[in-house]
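For reference, the structure discussed in these notes is given below.
Since every read-out is calculated from the coordinates, none of them should be taken as a lab result. Owing to the predicted nature of the structure, the values given are computational and were not obtained by experimental measurement. Cβ coordinates were reconstructed from backbone atoms using ideal geometry, including for glycine residues, and neighbour counts include every protein chain displayed.
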Amino acid sequence: MDAPVSPPTPAPPTDPLLVLRGIVKQFPGCLANDHVDLTVGHHEIHALLGENGAGKSTLVKIIYGVMKPDAGTITWDGKNVTIANPAQARALGIGMVFQHFSLFEALTVAENIALGLNNPEDRVGLYDRIVDISTRYGLPLDPKRAVHDLSVGERQRIEIVRCLLQNPKLLIMDEPTSVLTPQEVQKLFGTLRRLAAEGCSILYISHKLEEIRALCERATIMRLGKVTAHCIPAEKTARELAELMISAKLKTQNFGGRAESTQPPRLVLDRLTIRSNQPFGTDLKDISFAVAPGEILGIAGIAGNGQTELMEALSGEIPAGSPKNILLDGIEIGHEGPMARRKLGCCALPEERNGHGAVGGMTLSENGFLSANLRGALQRLGLINRKRTREFAASVIERFDVRTTGPEAEARSLSGGNLQKFLIGREVVQQPGVLILSQPTWGVDAGAAAAIYEALVALAEGGTAIVIISQDLDEILMLCDRIAVIAAGRVSAPVKVKDATIEQIGLLMGGSQHEELAHVPA
Amino acid sequence: MDLFYATSFVLSIISASTPLLLAASGELITEKSGVLNLGVEGMMLIGAIAGFATAHDTGSALLGVLAAAGAGIIISLIFAVLTQTFLANQIAAGLALTIFGHGFAALLGAGYVGIAAPTLPKLAFPLLSKIPFFGPVLFDQNILIYFSFAILIAISWFLRKTHAGLILRAVGDNHDAAHAMGYSVLKIRYGAIAFGGAMAGIAGAYLSLYYSPLWSQDLASGRGWIALALVVFSAWRPYWLLAGAYLFGGITYLSLYMQGLGVPIPSPLISALPYFGTIIVLVLISRDRRRTRLNQPACLGKSFHAVV
């Protein structure tokens, strides 16, 4: 860990900076925070650790005044306070960097920053102050550029600079590294340590254990809305922290490393080039790879590097320029749409569950029909076979242990993890020759994720070629046989997972294409 | 064409374009905040009858304009309550507002058919108004025509230069982020909708108190829809809106003029000319979908529901 840079020596404060006592927040059908206590000291980097859905984000939104707690007290610097809105939080000296950035794509960097300041008169000389702060903390930014042109790392810098402009005493960072390369993470940690040394406490939210062990002095661990433990992360192993987080003994899982297939590939991409149809999208450039039967190929990369477009190109939502660009079992399918591809055996499930992967207002049966009507023979002469459709949905629900009231439940009534199990099950049950998934376990709890992994491995063992596009590097390393990296719309040559090093993957994620993974000595 | 004809030609285009410009300016602000209000035509009609009735009963055309703005605000707030507070679908609510406006204005106006009301005064600048051509065109106009230009310049300045304008654009671009930063999406949108209502009402008063100063329930005759199209055509940029309004005003006048000259084209076809023009220009403009989406407020037409 870096030595603090010439720490200022204030009088040791008697009270901790922030104390939460008995915070309760109830949502319909879900107790997000159940009597949560949290103490953050001065100069401290404090971790808030927990799985997706543990209630971390709700808690920090309460601290930042975005949500109101149903019960509980907040003490700031020894005084009881009510934080009614974010402006009040900012006035107290609380800054927050959101997980899903609260940025305005159509506006410039300076305009985005101005929107986060309490006093509009601060805009005088704002350009100079942005440049000043960003150079002082090594966060280079051009105030005049529009946000939609910027990389994810640059966008995060906007949020950090916006907070720093108000000289915060507490900086809340919600999952800040999920969008960064390993190298960018190291730079961010340097900045955060320097801030802490200069007197700004940091509340660092994450579920990434190694990061927390490297960065944080103390940790509060949450599970299902409750605080389950306080600890000093450096004294625990990652495994111990994980067990505190999910409160069940982890079994070590490693699914990768199946025997290599010598059969011809099921899915071949040949110089696929596609122009994005989104104004802020990424164009796909010259993508070639092949996936053999029984193989799971992982495509890693930071969000916004062409994952959405690649998914749409593979599913058939955006047709390729030429039929020859995509081959399924030797058949040219580049020009085909999603239904035709499904019929031929290429199924896909996009990242966004509600609204893209499923129609929220329709029942599970109907959602099953939308994808499986051809392969599952759920229609006859253009009419829906209700009975078979219900049976199809019921079989998915049973086989994948989907917690729901039954096939007639609306898709949006299911929790994220359960809906994802149903949707993946819907595709798996169709026994596709090729299955393409994006972020299969995003926002899914550990138990459901394990069930999804097992189903995918079983499917691969039956001879299906699987492509997983994911931002979760750990997931790819654990599950996949080979890994490729997507950066700026290009995909690197896939290599075996066991031959890849984290450093090389990180460099590729950052976009240094000349260093192909394939050249890494085994 | 001699100077007299040129002057009257330009004057006619200005007076045909102004109601479009007034209504579209209001809708521009509404849409910039992320709200799509398709009820412009209905709000114009309500404004037209409220203005006409008030002017007739009080004898003051200016009070009529104020009443029209007020009526437009009240009607638009019905839309705001439905779509912002009760999260009704904006398209459906906007269409309902237009249908309601048609019917309600006809009901209110039943007693005012065929009678006259005081018309809006002209504001003639001394001396300047005597200059040939430029005098009548620039310095001897109806006050609402001056107002339409002033408000457009103000809107452009507001959107580009002021902090409030920045907040308005931010709410239209990403309402979740704006909410997370502590801006009241609801209040800002209510305000933007009310402004749109006021401007549509004033556009209506312009029609009933100046352009064809008699009440009839067909007074708006599709101008509200053209104003809506203009906002899209201009890609939400104020000065393009001005250009668009005058282009369509020009085509409208030209089609009347052609009919008057007896050009051997069937008159229904000539009447359809401005609408054809709208469609063709819209298609040309939206050829590049990426560009259009870039300019469009990203949250346009989406309901916002804050979790607190």
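Annotations for the structure displayed:
- Segment B:106-159 and segment A:419-437 have Cα centres spaced 65 Å apart.
- Acute angle (nearest 10 degrees) that the helix B:238-261 long axis makes with the longest principal axis of chain B, alpha-carbon atoms: 40
- Segment A:477-512-segment B:66-104 distance, computed between alpha-carbon centres (Å): 54
- Distance from segment A:171-230 to segment A:54-102 (C-alpha centre basis), Å: 17
- Applying the Kirkwood pairwise sum to the alpha-carbon positions of segment B:1-46 produces a hydrodynamic radius of 12.5 angstrom.
- Here r is the Cβ-Cβ distance between A:Glu198 and A:Arg271 and R0 is 60 Å; the resulting FRET efficiency, rounded to 0.05, is 0.70.
- Set of lysines near B:Lys122 by C-alpha distance (under 17 Å), chain-local residues within fewer than 8 positions excluded: B:Lys130
- Selection from A:Leu92, A:Gly22, B:Ile202, by position along the positive dipole direction of the protein assembly as shown (Cβ): B:Ile202
- Among A:225-232, A:156-163, the order from most to least packed when residues are scored by Cβ within 10 Å on average: A:156-163, A:225-232
- Farthest towards the positive end of the charge dipole of the protein assembly as shown, among the residues B:Pro264, A:Leu139, A:Ile221, is the Cα of B:Pro264, using unit charges on the Cβ of Lys, Arg, Asp and Glu.
- Using the Cβ-Cβ distance between B:Phe125 and A:Val131 with R0 = 45 Å, the FRET efficiency computed as 1/(1 + (r/R0)^6) comes to roughly 0.40.
- Relative pair counts by distance (%), Cα atoms of segment A:18-246, 10 Å bins: 8, 33, 37, 19, 3, 0
- Counting, for every residue in A:102-115, the Cβ atoms of other protein chains within 10 Å of its Cβ and taking the mean gives 5.
- Other protein chain C-beta atoms within 10 Å of residue C-beta, averaged over A:80-90: 2.
- Angle in degrees between helix B:223-233 and the longest Cα principal axis of chain B, rounded to the nearest 10: 60
- Antiparallel beta bridges, as assigned by DSSP with both residues in the protein assembly as shown, represent about 55 percent of the total such bridges.
- Packing here is the average count of other Cβ atoms within 10 Å per residue, and on that basis the peptides B:35-46, A:129-140, B:164-175, highest first, run B:35-46, B:164-175, A:129-140.
- DSSP H segments from chain A that extend 27 Å or more along their own axis, Cα-based, with Kyte-Doolittle mean of 0.0 or above: none
- Highest to lowest packing among A:20-26, A:44-50, A:489-495, scored as the average C-beta count within 10 Å: A:44-50, A:489-495, A:20-26
- Helix B:163-173 vs. chain B, principal-axis angle (Cα, 0 to 90°, nearest 10): 70
- About its Cα centre, the protein assembly as shown has a charge dipole of approximately 920 debye under the convention of +1 per Lys or Arg Cβ and -1 per Asp or Glu Cβ, with nothing else charged.
- The charge dipole of segment A:18-246, taken about its Cα centre with unit charges on the Cβ atoms of Lys, Arg (+1), Asp and Glu (-1) only, comes to about 260 debye.
- Restricted to Cα atoms, the protein assembly as shown shows a radius of gyration and a Dmax of 31.1, 95 angstrom.
- Dividing the mean sequence gap of close Cα pairs (under 8 Å, 6+ apart) by how many residues segment A:36-90 holds gives a relative contact order of 26 percent.
- For chain A, calculated [θ]222 nm from helices alone, where every DSSP H run of n ≥ 4 adds -39500 (n - 2.57): -9000 deg cm²/dmol
- FRET E, pair A:Ile384, B:Ser271, Förster distance 56 Å, beta-carbon r, rounded to 0.05: 0.75
- Value of relative contact order over segment A:321-431, rounded to a whole percent, pairs C-alpha under 8 Å and six or more apart: 27
- Out-of-range pairs (alpha-carbon distance over 18 Å; input A:Lys187/A:Lys496; B:Lys32/B:Lys302; A:Lys144/B:Lys161; A:Lys324/A:Lys496; A:Lys56/A:Lys226): A:Lys187/A:Lys496; A:Lys324/A:Lys496
- Bins of 10 Å, starting at 0 and running to the largest distance - Cα pair percent for segment B:3-295: 7, 27, 35, 23, 7, 1, 0
- With only the Cα atoms considered, segment B:164-273 has a convex hull volume of 132 Å³ per residue.
- Of B:Val65, B:Ile167, B:Ala105, farthest towards positive along the dipole that unit charges on Lys, Arg, Asp, Glu beta carbons give segment B:3-295: B:Ile167
- For the segment B:166-178, counting C-beta atoms of other chains within 10 Å of every residue's C-beta and taking the mean gives 5.
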